[in-house]
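Asker: Before we start, here is the structure in question, set down as structure tokens.
No lab work stands behind these numbers, since they all come straight from the coordinates. What you see is a predicted model, and the numbers here were worked out from it, not measured in a lab. All Cβ positions, glycine included, derive from the backbone under ideal geometry; neighbour counts span all protein chains shown.
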Amino acid sequence: MEKVEEIYSEKRVDIDAKLESIHQDIKRLMERSNKEYLDLMLANLKKDFLNSITNYVSDDRENCLERGMVDPCEMRETCKSRFTNFLANNENLIKQDNVPEDVIEEKKAELSEIRKGAPFDKCDICFSEVNSLFNKQLDLISSLQIYSTNKEKRTEISAIPEEHIVKSVLEPLSNKQRLQILKSMASETRTFSTLSELTGLRGGNLLFHIQKLLETDLILQRHERGDYMITKKGFNLLIMLADFQKLQDNE
């Protein structure tokens, strides 16, 4: 009888282990699915938002040119067509993830070249309107944080709080194992034992590094003795590092 109970107990442990494994697989699948769904939803929202903005900018451009350009003028329709093409091409920049400063400088130079070919004094009125629309486009692109000048970047750099950045960003990521831990959580949660297998660290050594990431809000623990997951701050830092690596690879 004791033998039967022992066998039954072993099988129950084995079943429990398999059920836990299945549970973890399902949880990981749900987390990945939720993240993919969230990413898709955010991408669609961004697309709809940018489409709405570009439609508004397009309508505003058409109305402003119609009202602001000199009339009558024998060159009005020719100039309006050229201005429209110039401004419409700029509107496409709004949908990009990043607009380099040299692209904006090329646009400014292009408008300057168009201005040089203007034959009449009254052309100043039309170019004043176009320049106003162009500046509105630049302000919008800047407000969407897809373009900033080197001057703005230097100002941002000078405002970096050294002590805070070192303590909350550079120090936590200055260790290979801590970066491994953070990367491993980019798409799923991790248990202590999983992190131990990943890093080769045991007990207190692993706990030390986990604590560093917890203290700087790069990861969090779902509940006491629960698994660990990355925070928004931690995920953004990984994206920043990935972008930096791309820049290094392209040099």
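Asker: Between THR231 and residues 5 or more places away or on another chain, which pairs have amide H atoms under 5 Å apart, with H built 1.01 Å from N, and which residues are they?
Answerer: ILE219, LEU220
Asker: Over 20 Å between C-alpha atoms is what I'm after, so list which of LYS212/LYS233; LYS116/LYS136; LYS47/LYS107; LYS108/LYS136; LYS107/LYS246; LYS46/LYS183 land there. If you can, show how the numbers build up before the last one.
Answerer: Numbers: LYS212/LYS233 14 Å; LYS116/LYS136 22 Å; LYS47/LYS107 24 Å; LYS108/LYS136 13 Å; LYS107/LYS246 26 Å; LYS46/LYS183 26 Å.
Distance filter (> 20 Å) returns LYS116/LYS136; LYS47/LYS107; LYS107/LYS246; LYS46/LYS183.
Asker: Also, quick follow-up: Rank the residues ILE160, ILE125, ILE210 as a footprinting-exposure proxy: fewest other Cβ atoms within 10 Å of their Cβ go first.
Answerer: Values: ILE160 8, ILE125 13, ILE210 21.
In order of increasing Cβ crowding within 10 Å: ILE160, ILE125, ILE210.
Asker: Here is a follow-up. Write down, largest first, the equivalent ellipsoid semi-axes of the stretch 161-250 in whole Å, where each equals the square root of 5 times an eigenvalue of the alpha-carbon gyration tensor. Can you show the working numbers first?
Answerer: Details: eigenvalues 96, 44, 32 Å².
Rounded to whole Å, the semi-axes are 22, 15, 13.
Asker: Run the simple label-point estimate for THR191 and SER58 please: 7 Å along Cα→C-beta, distance reported in nm.
Answerer: Inter-label distance under the simple model: 5.4 nm.
Asker: Can you find, among GLY200, LEU179, HIS164, the residue sitting farthest towards the positive end of the charge dipole of the stretch 161-250, where Lys and Arg contribute +1 and Asp and Glu -1 at Cβ?
Answerer: Selected residue: GLY200.
Asker: For each of CYS79, CYS126, count neighbouring Cβ atoms within 10 Å of the residue's Cβ, then give the residues from fewest to most. Provide the component values of the computation, followed by the final result.
Answerer: Values: CYS79 20, CYS126 23.
Ranked by crowding around the Cβ, least crowded first: CYS79, CYS126.
Asker: Among MET185, MET240, MET229, rank each residue by its count of other Cβ atoms within 10 Å, from fewest to most, as a rough exposure measure.
Answerer: On the way: MET185 22, MET240 11, MET229 16.
Taking fewest neighbouring Cβ atoms as first place, the list is MET240, MET229, MET185.
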